Amino acid sequence: MKIINKFGWAWYIYSKNSVENLSFKDNIGKWMIFFKDKSFAERLCKSVIKDKIIVEAKHSIKLDKYESGVCCLYLDGEDYVGHKKLINYLIKNDYLPHNKDGSYTNIAFKYDFDTDRGVYGNAPNFSMHLKDFIDLKTGKWTSNLEKRLSEQNIEKTISRKVSKYFNIHGGNRWSLGYLKFNNKDEFNFQYIKDYIKENNVKIKEIANKLDVSEKSIRNWINGKTRPYVWNAIAICVLLNLNEDMVIIRKK
């Protein structure tokens, strides 16, 4: 572990390589824990790095005019397994702040792009808060986390299959979502249409999961229009279909 004092912050870093790997992520952010006791901040930042919970943390070196500072615990915002690991650790070691009634303070996770757009403090319009993960009164996990983990796993599966189709490495819904079929490859809409009819699948459910209109789905399965590859493979993943039966490759 390295400790670097720079620009008014004390940085705690597990290793240079680990921080560089984190920096390549698109959704870096930090859980923010405000403190009055500097020794608490030092103890917190050292422990999460030493115990390999996260790879980068920092805290204010000097307190502000309100005699307060902030600890920043860095994570990839889309790493929900990492969020769970960190929050469990903070609860177990009593690092999370409490309200007067004993409930946990609803601390915020602030994406770096929040900083870029000038949002500071513990603003309510941050993308995530502790209440999105646990019940603030009991500390028990909410169903939101499991839902996010499930959605994330599905998206990773789609991303991997789309990347394989285009023979490229990596990507997400935003970078891969608008790519069209290669050359003369065909979209076997009839195969999907028959499956939906035979298994009484609701078009509305598919549309909601893909975040597209029901009309778009109906146009696809009736051969009126053709989806982007991402949506074609997403339908296969959601319905557990073999994408090789849906995307017919033509050499």
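The values are calculated or read from the model by the stated rules, or taken from the named source; none is laboratory data. Since this is a predicted model, take the numbers as computed values, not measurements. Here the Cβ positions follow ideal geometry from the backbone for every residue, glycine too, while neighbour counts run over all protein chains shown.
Of all the residues in segment 219-246, those that are touching a residue at least 12 places away in the same chain (Cβ under 8 Å), in a helix (DSSP H, G or I) and surrounded by fewer than 15 Cβ atoms within 10 Å (Cβ to Cβ) number 2.
Being within 22 Å of the chain's Cα centre (by Cα), of a type outside the set (Asp, Glu), in a loop (DSSP other than H, G, I, E, B) and at pLDDT below 90 holds for only one residue in Gly171, Gly139, and it is Gly171.
Evaluation of Phe181 against the conditions (1) in a helix (DSSP H, G or I); (2) in contact (Cβ under 8 Å) with a residue 60 or more places away in the chain shows that the sole unmet condition is (1). Within segment 50-100, the set of residues being without any contact (Cβ under 8 Å) to a residue 60 or more places away in the chain, under 16 Å from Met128 (Cβ atoms) and in contact with a Leu (Cβ under 8 Å, 6 or more places away or on another chain) comprises Ile54, Leu73, Tyr74, Leu75, Asp76, Gly82, Leu86, Ile87, Leu90.
For the residues Arg160, Arg249, the requirement of being loosely packed, with under 15 Cβ neighbours inside 10 Å, among the basic types (Lys, Arg) and free of Cβ contacts under 8 Å to residues at least 40 places away in the same chain singles out Arg160. Any residue at all in segment 155-166 that is farther than 29 Å from Ile235 by Cβ, aromatic (Phe, Trp, Tyr) and at pLDDT 90 or above? No, segment 155-166 contains no residue that is farther than 29 Å from Ile235 by Cβ, aromatic (Phe, Trp, Tyr) and at pLDDT 90 or above. Where strands (runs of 3 or more DSSP E) fall entirely within segment 1-93, those with at least 2 residues that are within 18 Å of the chain's Cα centre (by Cα) and surrounded by 15 or more Cβ atoms within 10 Å (Cβ to Cβ) are at 28-35, 69-76.
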